[in-house]
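**Q** Before I ask anything, let me first share the structure, which is written out below as structure tokens.
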Amino acid sequence: MAKLYRIQQEIKNYFMGKKVNPKILSPESQKELSIYKSLAIDSLNSTMRKIFPLCYKILQDNWNPIIQEYYETYPSNSAIYNQVAKSFSIYLKDWKFRWKYRNENYPKWLFELAEYEWVEVDLFNYYRDRKISDDSSDSNLKSSGELIRLTKAHKVYRFDYPISKIVEHLSSERQIYNLTYFKKAKERLLIFRDRYDKIRYFLLSDGSYYLIDKLRSGTNVQDLYKKFYKKFGITEVDIDSTEAKLNDLLINFTKEGILTSS
Amino acid sequence: MDKSKLKYFGLGLGYRREIRKDIIEFLENPIPQTLIQWLEIVPENYIYKGGLPRKNFEEILDLGVPLIPHSVNLSIASASRNKKRLEFDFHLLRGLKELFDEIKAPWFSDHLSCSRIGDHYFQELIPVPFTKEAVEVISNNIKFLEDYFQLPFLFENPSYYSHIVKPEMRETTFINSILKKAKCGLLLDVNNVFVNSVNHRYLPKQFIDELDLRRVVQIHMAGHRKGYKSKLANHEIKILDTHGENMRDQVLDLFSYTMKKTRPKAVLLERDSNFDNEGFEGLTDELKKLRFIMDSKLEFFQENQENTDESAENSEATSSAGAINEANADNTRAEGVQAQPTEIDKEALIAQAQASIDNAGMDDAGDIADVNFDAMNLPSSTAEAPAPEKKEKSNLENDIDTLSQEFMDL
Ligand SMILES: [Fe+2]
């Protein structure tokens, strides 16, 4: 089996832009193979444009060589086609990319934007949870001893830049600002697929971030509240108002379809 | 695989997101129709999915129309370092198994090519060398997959644009050898045969004749376009298999020719892009052409073939083409490396083609004449297609040149 294996290893090298052993794969064969590589990059190019429309707006002039280099350096290890885009943010974050395009002054948040755009697509790669809680009444939440947790179709991110504002700005038809306009400002986002299969996000404060963290592994409402009061030192006096806020939050989550009970 | 035990599905269309609504509307119409009797899906697009993609898929599932999977990433031609077969991606296999069970797949299929090397998927159907070793590896891979899924497997003859390494045998010998060794079925892509015949200069009908047609379970029909230039090297090909255009008359002619010789269980119109050109009506017009040929050839086939291709498993040499090919495969084995690339063995090929044309008495030349498109009220481009004139005996070179020229003149 060795010969075919060796040939295919050289084909892999060729596709990954690495050195190829000309004794196994002649320069003529490499030229022939270029048709396949070129076709693959063409289709990757259009897929990536659909997945990363905002990054494309920024990278426009260098988009084609960037896609080729991405194809060569981060070949997909998944048979599911759109997973090919999974590593784009890692590629953009890598020093080699930043060094190569150092004169372009690409914004420092570029890879975070790519991360966000990828998640918007990736959230569809999660199975629908069997039972999405839809009774959003306050009493139902508290009275049931059931475990509640977040559906699988969510991701929590901590960005160094205000990605939600950047996305909003770049998505608008308005002229793009000077890309350095957005300064560092940490932002925590819960990005999720809602009950209508729209991708949405919540900006998370310290409190809601803590809550989300607990809801990821599953908890019942009483325990959740108790832990919350302890963590943030909520005293008797403030318990009623805090509980009202927490209830609102959970009701909101339920309405959005991101809580599931088991 | 026992073809006679497989269900007959008739004519189908490739399901694509872009035509989801049209397909639903078409199939929900209660008037009986024979244009979309089943849908082909690319299963890799529907595994491990939630949300909208899953919802859309369930909508198609609910229509009750049979779904047949056609994979792109099983990579049956990939070799592994030490094993006799590929170490498959079990995440993929598990997902596919779940889906095949859900849709009650009658069989599954993929291309005779390699898309995964090591752990990487290259999103392209990379050609496989026509070697004895590849026959071995591919057959082992197919046997493993059939065993895993407990379903019959068909491989598709792909369009290929180059020989990466020197072939040890002819493509038809290669295909027949795998069919024999793996005992699987063939998904014959007639458009791919035509595309390859132009790019590699051979006679498409002779190619069809040489295949073991008893194993053809499914047929693909599609369109192609002229030329593609590599963006990475100074290299160009004559025609490209795009699935984005209407079927060319020559490909319909070849389909008609093939349908005289075999009765597949399913015929499919593949369309992957350019849906807006003539709208969904354009696609149904394309399906009408296929339906017309299928109906007219069925009668012919039943009269002449007496179902010889229905039980490929049990009749090893009932068709002469099959017998010739088995012999070819045996020769290849006995003589070791028997390189037969077009360039080197051109003379032998010409002689062989000449003999086959002589024997066939040129009755294939007028084949399209009995496909009466006028009767179907089809768009003028098809209706006006001239029937090829009866030709004098010609050598292979002239035939190929004429074929290429006819194509380029389109
Ligand atoms: Fe095909």
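The values are calculated or read from the model by the stated rules, or taken from the named source; none is laboratory data. Just so we're clear, the structure is a prediction, and the values are computed from it rather than from any experiment. Note that we place each Cβ from the backbone using ideal geometry, even for glycine, and neighbour counts take in every protein chain shown. We work out accessible area using only protein heavy atoms, side chains counted, and drop any ligands, DNA or RNA first. Shrake-Rupley method; radii C 1.70, N 1.55, O 1.52, S 1.80 Å.
**Q** Within the range B:245-285, how many residues are basic (K, R), within 16 Å of the ligand (Cβ to nearest atom) and open to solvent by 30 Å² or more (accessible area, probe 1.4 Å)?
**A** Counting residues in the range B:245-285 that are basic (K, R), within 16 Å of the ligand (Cβ to nearest atom) and open to solvent by 30 Å² or more (accessible area, probe 1.4 Å) gives 1.
**Q** Name every residue in the range B:86-103 that is surrounded by fewer than 16 Cβ atoms within 10 Å (Cβ to Cβ) and either in contact (Cβ under 8 Å) with a residue 12 or more places away in the chain or assigned to a strand (DSSP E or B) (or both), in order of residue number.
**A** Within the range B:86-103, B:E98, B:E102 meet the criteria.
**Q** So B:L125 fits all but one of (1) within 19 Å of A:Q8 (Cα to Cα); (2) away from the ligand (no atom under 16 Å from the Cβ); (3) crowded, with 24+ Cβ neighbours inside 10 Å; what number is the exception?
**A** Unmet for B:L125, out of (1) within 19 Å of A:Q8 (Cα to Cα); (2) away from the ligand (no atom under 16 Å from the Cβ); (3) crowded, with 24+ Cβ neighbours inside 10 Å: (2).
**Q** Right, here's the next one. Could you grab me the full set of residues in the range B:179-188 that are touching a residue at least 60 places away in the same chain (Cβ under 8 Å) and under 15 Å from the mean Cα position of the chain (by Cα)?
**A** Selection gives B:C184, B:G185, B:L187, B:L188.
**Q** For the range B:101-141, give me each residue that is more than 8 Å from chain A (Cβ to nearest Cβ) and among the aromatic types (F, W, Y).
**A** Listed by number, the residues that qualify are B:W107, B:F108, B:F130.
**Q** Let me ask something else about it. Which residues, counting only those in the range B:1-60, are among the small types (G, A, S), in contact with a helix residue (DSSP H, G or I) (Cβ under 8 Å, 6 or more places away or on another chain) and outside any helix (DSSP H, G or I)?
**A** Within the range B:1-60, B:G10, B:G50 meet the criteria.
**Q** A further question follows. Filter the range A:22-54 for residues that are among the aromatic types (F, W, Y) and either open to solvent by 20 Å² or more (accessible area, probe 1.4 Å) or more than 7 Å from every other protein chain (Cβ to nearest Cβ) (or both) and give the result.
**A** A:F52
**Q** Please go through (1) facing chain B (nearest Cβ under 8 Å); (2) within 23 Å of B:N73 (Cα to Cα); (3) free of Cβ contacts under 8 Å to residues at least 60 places away in the same chain for A:Y14 and return the number of the only condition it doesn't satisfy.
**A** (1)
**Q** Filter the range B:154-197 for residues that are under 15 Å from B:S109 (Cβ atoms) and among the small types (G, A, S); which is nearest to the ligand (Cβ to nearest atom)?
**A** Top of the filtered list is B:G185.
**Q** Mind telling me which of the residues A:I41, A:I90, A:I58, A:I24 ends up being touching a helix residue (DSSP H, G or I) at 6+ places or on another chain (Cβ under 9 Å), at pLDDT 95 or above and either of a type in the set (V, I, T) or farther than 25 Å from A:S171 by Cα (or both)?
**A** A:I90
**Q** Here's a follow-up. Check the range A:199-219 and report whether any residue there is in contact (Cβ under 8 Å) with a residue 24 or more places away in the chain and in contact with a Gly (Cβ under 7 Å, 6 or more places away or on another chain).
**A** Checked against the condition, which is being in contact (Cβ under 8 Å) with a residue 24 or more places away in the chain and in contact with a Gly (Cβ under 7 Å, 6 or more places away or on another chain), the range A:199-219 yields no hits at all.
**Q** Out of curiosity, is A:K57 basic (K, R), touching a residue at least 24 places away in the same chain (Cβ under 8 Å) and more than 9 Å from every other protein chain (Cβ to nearest Cβ)?
**A** Yes.
**Q** Then there is this: Please list, ordered by first then second residue, the pairs with beta carbon atoms under 9 Å, 6 or more apart or interchain, first in the range B:213-225 and more than 14 Å from every other protein chain (Cβ to nearest Cβ) and open to solvent by 10 Å² or more (accessible area, probe 1.4 Å), second β-branched (V, I, T) and within 15 Å of the ligand (Cβ to nearest atom).
**A** B:L213/B:T258
**Q** Name, by its number, the condition in (1) open to solvent by less than 40 Å² (accessible area, probe 1.4 Å); (2) over 30 Å from B:E168 (Cα atoms); (3) within 7 Å of another protein chain (Cβ to nearest Cβ) that does not hold for A:N77.
**A** It fails just one condition, (1).
**Q** Look through the range A:80-118, keep the residues that are within 14 Å of chain B (Cβ to nearest Cβ) and of a type in the set (G, A, S), and return whichever of them is most open to solvent (accessible area, probe 1.4 Å).
**A** Residue satisfying both the conditions and the ranking: A:S87.
**Q** Does B:P129 satisfy being at pLDDT 95 or above and part of a loop (DSSP other than H, G, I, E, B)?
**A** Answer is no for this residue.
**Q** Now for a separate question. Quick one: would you say A:S78 is closer than 12 Å to B:F122 by Cα, outside any helix (DSSP H, G or I) and not assigned by TED's automatic domain parsing to the domain that holds A:Y181?
**A** yes
**Q** I'd like to check something: does the range B:79-100 contain any residue that is at positive phi, within 9 Å of chain A (Cβ to nearest Cβ) and modelled with pLDDT under 95?
**A** Checked against the condition, which is being at positive phi, within 9 Å of chain A (Cβ to nearest Cβ) and modelled with pLDDT under 95, the range B:79-100 yields no hits at all.
**Q** Scan the range B:198-234 for residues that are at pLDDT below 90 and either of a type outside the set (A, V, I, L, M) or within 11 Å of the ligand (Cβ to nearest atom) (or both) and report the count.
**A** 15
**Q** Moving on. Does the range B:47-65 contain at least one residue that is at the interface with chain A (Cβ under 7 Å from one of its Cβ atoms) and among the aromatic types (F, W, Y)?
**A** Yes - at least one qualifying residue is present in the range B:47-65.
Yes/no per residue for (1) touching a Gly at 6+ places or on another chain (Cβ under 7 Å); (2) open to solvent by 20 Å² or more (accessible area, probe 1.4 Å):
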{"site": "B:E28", "(1), (2)": "no, yes"}
{"site": "B:I36", "(1), (2)": "yes, no"}
{"site": "B:E44", "(1), (2)": "no, no"}
{"site": "B:L67", "(1), (2)": "no, no"}
